[in-house]
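These notes are about the structure you will find just below.
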Amino acid sequence: MATKTDNLRGLPAFRAVPSLGPVIEVRNLSKRYGNTVAVDGLTFTVRPGRVTGFLGPNGAGKSTTMRMMLDLDRPSGGQVRIDGMRYRQLSEPLRRVGALLDAGAVHPGRSAYHHLLWLAQSNRIPKARVREVLELVGLADVARKRVRGFSLGMGQRLGIAAALLGDPPVLLFDEPVNGLDPEGVLWIRHLMKGLAAEGRTVFVSSHLMSEMALTAAHLVVIGRGRLLADTTVDDFIAAHARSYVRIRTPEPERMRDALTAAGIVVRQAADGALEANGAQASEIGELAAAHGLTVHEVSTQSATLEEAFMRLTGDTVEYRAVGGQR
């Protein structure tokens, strides 16, 4: 991976990768802990050249699935193949798969440099690569400091550096923006999209719907260990959320009659505004003018990934808060 940066934003300048990376194939994957089913017959494929978001409520089985991808947990059934092989079959695996599952899994007495150095030596990665990834993630100035003094965001950057160390074609990130400040969030977003643009296979688990909407091109969504969706972001939003035109008027009954007569489906919101489906804001504005109706607001409310996710996974939430303000 190139380490040259854009001086204006500090973002990595990526090289072009001529061939696409390997696929991750998950087939009928299951994991049981006694009578508890954590993962239940998952089947999906993660393809190169795009960021694939991995979504699900807390307890859905995302982390367990990613651990099984890396042979950290043994499946109760099914299998995972990376380029046709199990992770444990890969020689020098850090050169093939980079992963961030737990940024805190670092000896606190080691420096950032020596943590990465022993990882590099274990996979015959050149020593110079350690300095390259420290510069890439913005930790070069603290490379010799002990990890116990790192902030949450600095620890996260070190975990990302470890994932990038072997310049692998496959990358797995579990909650990569955890602890990062706004600049760091922007940086990791560009990093992941840039890695995918190089032809790498990038699989990212996150609870931040706003970030997934900006970063991922494809989604795998699970609930209670089962596959709920495997589709593009745009198709997922279109299938599970709705866009509508919001209308506020002092003449709601007349407006409703005019909309219904025009074949536009309309309903009343809790605050008294009307919500019209299947029409453009301009069309409704012209309709109101033609009927001499007064309107205070005509605005398009676009569907969001968060709304689509909540609608699809609402019945699979394991831990749900009860009550409102106190």
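For the chain, the number of Lys pairs with C-alpha atoms closer than 27 Å, counting only pairs eight or more positions apart or on separate chains, is 7. One chain, two ends: S302 and N58. Fully extended at 0.36 nm per residue, the span grows by 85.2 nm beyond their Cα-Cα distance. Each of M212, M85 was scored by other Cβ atoms within 10 Å of its Cβ. Arranged with the fewest first, they read M85, M212.
Dividing the helix sum by the residues of the chain, where each DSSP H run of 4 or more adds -39500 (n - 2.57), gives a mean residue ellipticity at 222 nm of -9000 deg cm²/dmol. Summing +1 for each Lys or Arg and -1 for each Asp or Glu among the other residues whose beta-carbon sits under 10 angstrom from that of R246 gives -2. Quick one: grab the alpha carbon gyration tensor of the chain, order the square roots of its eigenvalues as a ≥ b ≥ c, and give me rounded if a/c is under 1.5, else prolate or oblate depending on whether a/b is larger than b/c. Since a/c reaches 1.5 and a/b is larger than b/c, the shape of the chain is classed as prolate. Here the spin labels are modelled as points 7 Å beyond Cα on the Cα-Cβ line, and at A197 and Y113 they lie 3.2 nm apart. When the Gaussian network model of the chain links Cα atoms closer than 10 Å, the mean-square fluctuations of R246, R226, R47 top out at R246. What you get for region 70-126, charging only the Cβ of Lys and Arg (+1) and of Asp and Glu (-1), is a dipole of about 160 debye around the Cα centre.
Here the dipole of region 242-302 is about 140 debye; that uses its Cα centre as origin and unit charges on the Cβ of Lys and Arg (positive) and Asp and Glu (negative). Which of L119, L20, A273 sits farthest toward the positive end of the charge dipole of the chain, with +1 on the Cβ of Lys and Arg and -1 on the Cβ of Asp and Glu? Selected residue: L119.
Evaluate E = 1/(1 + (r/R0)^6) for R144 and L20, where r is the Cβ-Cβ distance and R0 equals 45 Å; express this FRET efficiency to the nearest 0.05.
Step by step, r from the Cβ atoms, then E = 0.75.
Shape summary of region 242-302, radius of gyration then Dmax from alpha carbon positions: 10.0, 29 Å.
Taking only C-alpha pairs under 8 Å that are 6+ residues apart, what is the relative contact order of region 173-282 in percent?
In percent, rounded to a whole number, it is 17.
Rounded, prolate or oblate: pick one for region 102-143, where a ≥ b ≥ c are the square roots of the eigenvalues of its C-alpha gyration tensor, a/c under 1.5 means rounded, and failing that, prolate if a/b is larger than b/c, else oblate.
It comes out oblate by the Cα gyration axes.
Of all beta bridges that DSSP places with both ends in the chain, some 65 percent have antiparallel geometry.
No lab work stands behind these numbers, since they all come straight from the coordinates. Treat the numbers as computed from the prediction; the structure is a model and nothing was measured. Positions of Cβ are generated from backbone atoms using ideal geometry, with glycine treated the same way; all protein chains shown enter the neighbour counts.
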